[in-house]
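The values are calculated or read from the model by the stated rules, or taken from the named source; none is laboratory data. Since we're looking at a predicted model, the values are computed, not measured. Cβ atoms come from the backbone with ideal geometry, glycine included; neighbour counts cover every protein chain shown.
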Amino acid sequence: MIEKIGFIRLMETEHIEECPVCGGKKFSRKFTCEDYFVSHEKFTVYCCDVCQFTFTQDVPSGEAMARYYETADYVSHSDTRKGLINSVYHQVRKKMVRRKAKLVGKKQPAGRLLDMGCGTGYFAGAMKQKGWDVIGIEPAEQAAEIARNKFGLEVKPSSALFVLQEKQFNAITLWHVLEHLADLNKYMDRFSRLLEDDGTLIIAVPNVNSYDAGKYGKYWAAYDVPRHIWHFSADTFRILAEKYGFRISEIRAMPFDAFYISMLSEKYKKNKFPGIRGFLTGFTAYLICLTNKKKSSSLIYILDKIKSD
């Protein structure tokens, strides 16, 4: 098992001394972002001088991080439909659940699925209905209870991930989860061990090189500090995947994410009519993705294990 890499524990924060992707130790400050959801505290985003991997420095550690999720506005945990922006989120999610299920089925027709960070269980519930044997991992107990009660799912806490039998899953999915996991190397190693040799790992993360990220800068809602620790581009994600014996078989855009993210970003900038302005930016981002998917607000990486000779 790979131990914790690149961290020094300082009080209740995690200070990154070594890039978890390439091992570089020289970083440049990008800017300071605000936590608009809960605390309104400021956190600094840095970039590795070697590989350009971007991350949030000095995030709260352990149990201290939990309070940054304690708000009814955090829709992926609360299932709230309050307000226009959250209503848009639910409409987009409904469409994306169908697409995600189809994507998994294309790579793996059936079997055992681990949905890491299953939230309120919409995707995992859809896969269960399709006949998959599904286990969800969710640290937020409020979200886990919704998933259990609404979809009858088996949902375990994060600690259970490290006692599960290895090589038992045909597919492992992380939908906007990897960016939250503090010990990046430890988790990537674990996912590799839990997958069957011909299994599929599917990871969706925000894209720091997206059109909307470039437009909004420090106001880009997908920085979501301090909850989002890691901020991936297609290039840095490839380096990380190969480090753990995976190859990227396909990259897919998530163009609809730009609508929700842009609306939030407009709100953070305190612009008038954030819904309308965000929708227009989202539509522009959608058009750009038609010719350059690597400008998508979020990207889905479909990973296969590299077979050893």
Looking only at segment 7-29, filter to residues that are part of a loop (DSSP other than H, G, I, E, B) and modelled with pLDDT under 95; which one of those is nearest to Phe55 (Cα to Cα)? Glu12
Every pair of residues 6+ apart whose Cβ atoms lie under 9 Å, when the first sits in segment 43-59 and is farther than 17 Å from Gly24 by Cβ and modelled with pLDDT of 95 or more while the second is among the aromatic types (Phe, Trp, Tyr) and part of a strand (DSSP E or B): Thr44/Phe31; Asp58/Phe43; Val59/Phe43
All positions within segment 270-293 that are surrounded by 15 or more Cβ atoms within 10 Å (Cβ to Cβ) and closer than 28 Å to Thr236 by Cα: Gly278, Thr281, Gly282, Thr284, Ala285, Tyr286, Ile288, Cys289, Lys293
Exclusive hit being in contact with an Asp or Glu (Cβ under 6 Å, 6 or more places away or on another chain) and within 25 Å of Asp115 (Cα to Cα), set Ser249, Ser233, Ser192: Ser249
Only strands (runs of 3 or more DSSP E) wholly contained in segment 110-203 count here; list those with 1 or more residues that are without any contact (Cβ under 8 Å) to a residue 24 or more places away in the chain, charged (D, E, K, R) and surrounded by fewer than 20 Cβ atoms within 10 Å (Cβ to Cβ). 133-137, 154-156
So, Ser308, is that one of a type in the set (S, T, N, Q) and modelled with pLDDT under 95 or not? yes
